[in-house]
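Contents: one structure, followed by commentary.
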Amino acid sequence: MPTCKVLFFLLALSCVKCDDVLYRQVGEEVIMKFEVAEDKDVQWKLNDILIININGKSGTRRKGASHIKDKAIINGGTLKLPRLETRDSGIYFCSQSPKRYILHVVSVFAKPGPVLLNSSNAELHCSITGDQNAEVTWLRPSNEQMNDKKQVLSLKSVTSKEEGQWTCVVKDDIKFTLTLTIVGIPSKTVVVSEGDTIDLPCSLPQSVSNRVVGGKWTADHLPSVSFPTLTNSESKGLHWNGENSSKVVFTRERLGISYNVTLMNAEPRDSGIYVCTVQFEDKVQLTGKTNLTVVSKPSEISPGERTLSNGGGKKPSGAGTWTKDWFGLQLWVWIAVGSGVLIVLTVVIVLTLLRNKQKKKRMKRLRSMRQPLTAEDYCKCKRDERGVEFEQREKPFPVPRQQRNPRTRAVGHDYIETNKAYDC
């Protein structure tokens, strides 16, 4: 009897040594390898539920009832599972091998989400499926170790110090990360000229998981000015509630993360602090302030003050147009290049026209100097009793150039006699 107990203990110990424990995060993949013979039947199971049965001789495969039967990829003695889910956790084994794999799928997330409101509360989860009581170690973005060893870490009134990558360490060497982003409504300073129209800025850098339930604008120095209020309803969603006035106007469309209102016809008396308050569920609210200064002359505003770095205020008409980028270059550069090209084309066209004009004059002058010989230079006529006859004579030598023009040819005796002889 004692011998049987010892054998049973050794068998149990050998089975424990055959177990490989794996930790993988949701969405990842896992590969498990077993030693199997190709010519023998083999069954693959998860928690004693058949995944697939493979006939060693024919290679025929028959799927079982396990939920992973369709996504499991089996090639020889290798089992691959992509896109892990928490329900994929469990014990994997095949009928030909004593080896087993114990898979724990870890889910790392933040509640209410990875993007948190400044001063709000949050929970960080590092849930190990199949081992809920296991201790973990939490590391802050600064790599500082937290004292809490639980799989759920509570954070109170978060600030920018909590922003960054948090790490959950399992079994001293397995790490899973989670990145937190802390957002708020930044305060701004706006300087505009008298008569300008200005957007009072109030917006979140990005969407958050918290639902907006209300909000408003206030200006203590303008008690007579009416501002709208934020309302969130099932039919209209998040929108402004109120009436436009000659001083303050706002959009009627559904809102997202921007809650700006427009101040019309700015006056010096409008200078002061404007407060935007946005209320979220769980009694969390964010506040942003805009310090507005209205000056009488545009020259009193420095270029750095006229425009907000985040685009909160409207620029005066035409401001910034010359410095706006177009295909990587500012507008004034494109205008300068275009003007230069236009000037070069104009000079080329003018020179071409002048050249053609001079060429035409030269050709005309050459034509005027070339006078062709007439029939009178080659024949003469004489009159007798039988009528008029023409006698052919030899072709004369070319007339000198100064005598070719009839206007410059001297009228002499020979010229008159020749005309008489040729008179028919």
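Return the residues of segment 199-239 that are over 21 Å from Val158 (Cα atoms) and in contact with an Asp or Glu (Cβ under 9 Å, 6 or more places away or on another chain); say none if nothing qualifies.
Ala219, His221, Leu222, Val225, Ser226, Pro228, His239
Give me the residue from segment 100-117 that is out of contact with any Asp or Glu (no Cβ under 7 Å at 6 or more places or on another chain) and open to solvent by 60 Å² or more (accessible area, probe 1.4 Å) and, out of that set, nearest to Gln285 (Cα to Cα).
Pro112
Go through segment 236-266 and give me each residue that's in contact (Cβ under 8 Å) with a residue 40 or more places away in the chain, assigned to a loop (DSSP other than H, G, I, E, B) and not hydrophobic (A, V, I, L, M, F, W, C).
If the condition is that a residue be in contact (Cβ under 8 Å) with a residue 40 or more places away in the chain, assigned to a loop (DSSP other than H, G, I, E, B) and not hydrophobic (A, V, I, L, M, F, W, C), then Gly256, Tyr259, Asn260, Asn265 are the ones that fit.
Checking Pro186 against (1) part of a loop (DSSP other than H, G, I, E, B); (2) within 20 Å of Val295 (Cα to Cα), only one condition comes out false. Which one?
Exception for Pro186: condition (2).
Run Ala122 past the list (1) under 29 Å from Ile182 (Cα atoms); (2) hydrophobic (A, V, I, L, M, F, W, C); (3) surrounded by fewer than 16 Cβ atoms within 10 Å (Cβ to Cβ) and report the number of the one that doesn't hold.
Exception for Ala122: condition (3).
Could you give every pair whose Cβ atoms fall below 9 Å, whose first residue belongs to segment 106-124 and is without any contact (Cβ under 8 Å) to a residue 24 or more places away in the chain and in a strand (DSSP E or B), and whose second residue is surrounded by 18 or more Cβ atoms within 10 Å (Cβ to Cβ) and not basic (Lys, Arg), counting only separations of at least 6 or pairs across chains?
Between residues of segment 106-124 that are without any contact (Cβ under 8 Å) to a residue 24 or more places away in the chain and in a strand (DSSP E or B) and residues that are surrounded by 18 or more Cβ atoms within 10 Å (Cβ to Cβ) and not basic (Lys, Arg), the close pairs are Lys111/Ala122; Lys111/Leu124.
Looking at segment 227-241, can you tell me whether even one residue there is over 17 Å from Ser258 (Cβ atoms) and surrounded by 13 or more Cβ atoms within 10 Å (Cβ to Cβ)?
Initial filter on segment 227-241 (over 17 Å from Ser258 (Cβ atoms)): 233-235.
Filter once more, so that each one left must be surrounded by 13 or more Cβ atoms within 10 Å (Cβ to Cβ): none.
Looking through segment 227-241, none of the residues is over 17 Å from Ser258 (Cβ atoms) and surrounded by 13 or more Cβ atoms within 10 Å (Cβ to Cβ).
One line per residue, one yes/no per condition, for (1) out of contact with any Leu (no Cβ under 7 Å at 6 or more places or on another chain); (2) of a type in the set (S, T, N, Q):
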position: Pro112; (1), (2): yes, no
position: Asp131; (1), (2): yes, no
position: Gln145; (1), (2): no, yes
position: Asp148; (1), (2): yes, no
position: Leu153; (1), (2): no, no
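Here is a check on your reading of the model: is Asn143 open to solvent by 20 Å² or more (accessible area, probe 1.4 Å), outside any strand (DSSP E or B) and farther than 30 Å from Pro268 by Cα?
Answer is yes for this residue.
Can you tell me how many residues within segment 212-226 are charged (D, E, K, R) and surrounded by 12 or more Cβ atoms within 10 Å (Cβ to Cβ)?
1
Looking at the structure I just gave you, is Gly288 at pLDDT below 95, small (Gly, Ala, Ser), open to solvent by less than 50 Å² (accessible area, probe 1.4 Å) and in a strand (DSSP E or B)? Give the derivation first.
On the way: at pLDDT below 95: yes; small (Gly, Ala, Ser): yes; open to solvent by less than 50 Å² (accessible area, probe 1.4 Å): yes; in a strand (DSSP E or B): yes.
Spelling it out, Gly288 is indeed at pLDDT below 95, small (Gly, Ala, Ser), open to solvent by less than 50 Å² (accessible area, probe 1.4 Å) and in a strand (DSSP E or B).
Filter segment 246-274 for residues that are open to solvent by 30 Å² or more (accessible area, probe 1.4 Å) and either under 30 Å from Lys156 (Cβ atoms) or touching an Asp or Glu at 6+ places or on another chain (Cβ under 7 Å) (or both) and give the result.
Result: Gly256, Ile257, Ser258, Asn260, Glu267, Pro268, Ile273.
I'm checking my understanding of the structure. Among residues of segment 157-178 that are part of a strand (DSSP E or B) and open to solvent by 80 Å² or more (accessible area, probe 1.4 Å), which one is farthest from Glu144 (Cα to Cα)?
Of everything passing the filter in segment 157-178, Lys175 is farthest from Glu144 (Cα to Cα).
Filter segment 125-135 for residues that are touching a His at 6+ places or on another chain (Cβ under 6 Å) and either part of a strand (DSSP E or B) or open to solvent by less than 30 Å² (accessible area, probe 1.4 Å) (or both) and give the result.
Of everything in segment 125-135, just one residue is touching a His at 6+ places or on another chain (Cβ under 6 Å) and either part of a strand (DSSP E or B) or open to solvent by less than 30 Å² (accessible area, probe 1.4 Å) (or both), namely Ile128.
With a cut-off of at least 3 residues that are open to solvent by less than 70 Å² (accessible area, probe 1.4 Å), name the strands (runs of 3 or more DSSP E) lying wholly within segment 23-95.
Here the list reads 42-46, 49-54, 78-81, 90-94.
Within segment 189-207, track down each residue that is farther than 21 Å from Thr287 by Cα, part of a loop (DSSP other than H, G, I, E, B) and either of a type in the set (Gly, Ala, Ser) or under 26 Å from the mean Cα position of the chain (by Cα) (or both). Walk me through it before giving the result.
Initially, segment 189-207 is screened for residues farther than 21 Å from Thr287 by Cα, giving 192-197.
Imposing the further condition that a residue be part of a loop (DSSP other than H, G, I, E, B) reduces the set to 194-197.
Correct list: Gly195 only.
The values are calculated or read from the model by the stated rules, or taken from the named source; none is laboratory data. Treat the numbers as computed from the prediction; the structure is a model and nothing was measured. Reconstructed Cβ throughout: ideal geometry from the backbone, glycine too, with neighbour counts over all protein chains shown. These accessible areas exclude ligands, DNA and RNA; they are computed on the full protein's heavy atoms, side chains included. Shrake-Rupley method; radii C 1.70, N 1.55, O 1.52, S 1.80 Å.
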